[in-house]
Amino acid sequence: MTQAGRERRRRAQGAKADRLQESLARLDPQLASWADGFVFDEVWGRPGLDFETRMLVAITALAATDRPQQLRNYLFGGLQAGVPQAAIQEALVMLAVYCGFPTAIAALAVWDEVKASQRHAGGE
């Protein structure tokens, strides 16, 4: 595992990053290693896109492939990392055009839950 990958993963996943990594390691320790080494070091560490853009790509990909739990994690992580709410909202609305209204509506519903949770926790 690389330190840079670990730091990017923590930034992307927010406050629950260590718990998420422990859950992944319980499934298989190699998966946890791949997350830090391959996903967040080799892929997320490539030049060409800034962190915020990579977060928006990850969020829309998770929404488009119907991964609500992982989407929820990345939405929280994005907010905690400072990705503007307006950027997240617009990225999810774009799904209506490219993935269909049901996909966009489902993703926006998860987004509303995340925002409500943040407000309830004093995050806004």
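The numbered conditions (1) at pLDDT 95 or above; (2) in contact with a Lys or Arg (Cβ under 6 Å, 6 or more places away or on another chain) are all true for residue 36 except (1). Tell me, please, whether a residue that is touching a Ser or Thr at 6+ places or on another chain (Cβ under 8 Å), at pLDDT 95 or above and not charged (D, E, K, R) can be found in region 44-53. Looking through region 44-53, none of the residues is touching a Ser or Thr at 6+ places or on another chain (Cβ under 8 Å), at pLDDT 95 or above and not charged (D, E, K, R). Looking across region 76-91, the residues that are more than 11 Å from residue 12 (Cβ to Cβ) and out of contact with any Ser or Thr (no Cβ under 7 Å at 6 or more places or on another chain) come down to 79, 82, 84, 85, 86, 87, 88, 89, 90. Check region 96-107 and report whether any residue there is farther than 27 Å from residue 119 by Cα and part of a helix (DSSP H, G or I). Looking through region 96-107, at least one residue is farther than 27 Å from residue 119 by Cα and part of a helix (DSSP H, G or I). Being surrounded by 15 or more Cβ atoms within 10 Å (Cβ to Cβ) and either in a loop (DSSP other than H, G, I, E, B) or outside the structural domain of residue 110 (by TED's automatic domain parsing) (or both) is the filter here; which residues of region 81-91 pass it? Scanning region 81-91 gives 81, 83.
Considering the conditions (1) within 19 Å of residue 7 (Cβ to Cβ); (2) surrounded by fewer than 18 Cβ atoms within 10 Å (Cβ to Cβ), residue 101 is excluded by exactly one of them, (1). Exactly one residue among 63, 58 is assigned by TED's automatic domain parsing to the domain that holds residue 88 and in contact with a Cys (Cβ under 8 Å, 6 or more places away or on another chain), and that residue is 63. Taking every residue in region 50-71 that is more than 9 Å from residue 107 (Cβ to Cβ) and pairing it with any residue that is surrounded by 15 or more Cβ atoms within 10 Å (Cβ to Cβ), at least 6 positions away or on another chain, the pairs with Cβ-Cβ distances below 6 Å are 52/83; 54/44; 55/78; 55/83; 56/91; 58/74; 70/62. The set of residues in region 13-33 that are touching a Lys or Arg at 6+ places or on another chain (Cβ under 8 Å) and among the aliphatic types (A, V, I, L, M) contains only 17. Under the condition of being of a type outside the set (D, E, K, R), buried (at least 17 other Cβ atoms within 10 Å of the Cβ) and within 15 Å of residue 6 (Cβ to Cβ), the residues counted in region 40-80 number 3.
The values are calculated or read from the model by the stated rules, or taken from the named source; none is laboratory data. The shown structure was predicted, so the numbers you read here are calculated from the model rather than taken from an experiment. Please note: Cβ atoms are built from the backbone with ideal geometry, for glycine as well, and neighbour counts cover all protein chains shown.
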